[in-house]
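Enquirer: Sharing a structure with you now.
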Ligand code: CTP
């Protein structure tokens, strides 16, 4: 019998407001997170999704916590992490936010406009595993030096596995059905997957997360 695990999944972009009508964001659709959630539910696991602003319908069986900004997503993940068995960080968290968000709409005055940004917290870096020995899976969306950059992130952020994801191609990457992926593991194993459906990668992630979790607990 399969042991039901508690999956915590972050999904989508974050949105950092400049004023009430303008914001900084990125092209993440949230689809990868949705598919990991569906796959985990299909395998009999419990799912909580911490999502940024997306145009998606999440499965009814999943608990969904809606956030907008990276700071909100950070708080929600820190609150829910201690209870989970597996964290899958598919979210494309904005690295920076405006130093000041204007309460009123900003009107143009000069030919140039300088926007000062400050760093958002790194969510994975601020997490500490509890005695539950959570399994942590992250993503790296890269245009170049894909494997080197992903390996650096895997080690720095103490992940168990990272999905190195090549973006910038026409038929794979953000907001489409396919990704071009390589799985890198903490023990140094490297598994090239190539171009495949997000749905298939989602299934692999759930299977690997379960395998790693059962091995370490
Ligand atoms: N991530 C995070 N908190 C952030 C930014 C990213 O937890 N503030 C997570 C992402 O969800 C992803 C992993 O870290 O699982 C790698 O994210 P990525 O944006 O590829 O890398 P960065 O750490 O932002 O590094 P760089 O700016 O060098 O690309």
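Enquirer: Looking at 97, 128, which one is under 19 Å from the mean Cα position of the chain (by Cα), within 14 Å of the ligand (Cβ to nearest atom), more than 23 Å from residue 166 (Cα to Cα) and without any contact (Cβ under 8 Å) to a residue 24 or more places away in the chain?
Expert: Details: 97 fails: without any contact (Cβ under 8 Å) to a residue 24 or more places away in the chain.
None of the others qualify; the one that does is 128.
Enquirer: Collect the residues in segment 6-18 that are farther than 17 Å from residue 53 by Cα and out of contact with any helix residue (DSSP H, G or I) (no Cβ under 6 Å at 6 or more places or on another chain), keeping them in residue-number order.
Expert: Matches in segment 6-18: 6 only.
Enquirer: Suppose we filter segment 1-59 for residues that are more than 22 Å from residue 134 (Cβ to Cβ) and part of a strand (DSSP E or B); how many remain?
Expert: Residues in segment 1-59 being more than 22 Å from residue 134 (Cβ to Cβ) and part of a strand (DSSP E or B): 8 in total.
Enquirer: Going through segment 131-157 one residue at a time, which ones are within 11 Å of the ligand (Cβ to nearest atom) and touching a helix residue (DSSP H, G or I) at 6+ places or on another chain (Cβ under 8 Å)?
Expert: 136, 137, 138, 139, 140, 142, 156, 157, listed by residue number.
Just so you know, all these numbers are worked out from the coordinates, no wet-lab data involved. Quick caveat, the model's predicted, so the values are computed rather than measured. Quick reminder, even Gly has a Cβ in these numbers, built from the backbone with ideal geometry, and neighbours come from all protein chains shown.
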